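The values are calculated or read from the model by the stated rules, or taken from the named source; none is laboratory data. Since the structure is predicted, the reported quantities are computational estimates derived from the model, not experimental observations. For neighbour counting, all protein chains shown are included, and Cβ atoms are generated from backbone atoms with ideal geometry for every residue, glycine included. Each accessible area value is taken on the protein alone, full model and side chains, heavy atoms only, with ligands, DNA and RNA left out. Shrake-Rupley method; radii C 1.70, N 1.55, O 1.52, S 1.80 Å.
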Amino acid sequence: MAVKDYMTKDVITITPETRVAQAADIMRDQDVRRLPVLYNGKLVGLVTAGTMADATPSKATSLSIYEMNYLLNKTKIKDIMLKKVITIGPDASLEDAIYLMLEHKIGVLPVMHEEKLCGIITDRDVFKAFLHVSGYGMQGTRIVLEADNKVGILAKVSESISKAKLNIGRIVADSRATGKTIVEIQIDGQCDQASLSQALADTGVTIISVTPTEIKADLN
């Protein structure tokens, strides 16, 4: 899974000369929380909802509304933007993006290709990618099972499902320190749950659950 497959490609950007008040309006109107800052086509900074909040006078300030508006309309983005921006390439793996976000405690990575901004990937994009990969929101049947972590066991499970004339839409496996593997399988369409459970049990795995799934609305 590559970053380019899950990143946001239509990126709203601003310049260092953009006023803070104008940037705040863009964030509100476009419903975004991060704005890359470009100068002559090059990434020079990043503004987030957090940096914007830090630049806004608190409610405890003694400034009048007029004075606060004057300050926000006078202050430029270059005065508050983050200048040391962590970036990633479009061909990097999604796991690399997650690692960088966790390591640096950030929620967004501008995606750079040949020194040009080609997208951004956020924590929200990562959450949506996980739902997509796991098959969440697809209509069908979800099977959760526990199997010995040994060669050939998943092949037996797949063969059993194939013999039932069912198609595997998604499969996610997680090995445990106990020597067992938890496997989640998303089957396209509905099926005879009792028959399928028995067929899978005959392969030597432990069935944890077999449940129907319904279509969920797409998240924007």
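Details
- Cα-centre dipole for the chain with unit charges at Cβ (Lys and Arg positive, Asp and Glu negative), debye to 20: 460 debye
- The stretch 100-120 and the stretch 15-33 have Cα centres lying 19 Å from one another.
- When the residues VAL11, VAL20 are ordered by accessible surface, computed with a 1.4 Å probe over the protein chains alone, the sequence from largest down reads VAL11, VAL20.
- As a ratio to 2.2 N^0.38 Å, the alpha-carbon radius of gyration computed for the stretch 73-148 takes the value 1.54.
- Think of the stretch 94-220 as having a plus end and a minus end, set by charges on the Cβ of Lys, Arg, Asp and Glu; of VAL210, THR178, PRO110, VAL210 sits farthest toward the positive end of this dipole.
- Note on the stretch 137-213: with neighbouring protein chains present and a 1.4 Å probe, carbon and sulfur make up 50 percent of its accessible heavy-atom surface.
- Mean residue ellipticity (222 nm) of the chain, computed from DSSP H runs ≥ 4 via -39,500 (n - 2.57), nearest 500: -9500 deg cm²/dmol
- Given the alternatives (i) 15.2, 49; (ii) 24.2, 75; (iii) 17.6, 53, Rg and Dmax of the Cα atoms in Å as computed for this entry is given by (ii).
- Carbon + sulfur, % of accessible area of the stretch 1-47 - ligands and nucleic acids excluded, 1.4 Å: 43 percent
- Between VAL44 and ASP202, the contour length at 0.36 nm per residue exceeds the alpha carbon distance by 50.9 nm.
- Given charges at beta-carbon only (K, R positive; D, E negative), |dipole| of the stretch 137-213 in Debye: 100 debye
- Expressed to the nearest 5 percent, the antiparallel share of DSSP beta bridges inside the chain is 95 percent.
- LYS216, LYS116, reordered so the largest accessible area comes first (probe 1.4 Å): LYS116, LYS216
- Taking all protein chains as shown and a probe of 1.4 angstrom, LYS74 keeps an accessible surface of around 120 Å².
- Debye, to nearest 20: dipole size of the stretch 3-130, +1 on Lys, Arg Cβ, -1 on Asp, Glu Cβ: 400 debye
- Accessible surface of MET7 - all protein chains present, 1.4 Å probe, nearest 10 Å²: 30 Å²
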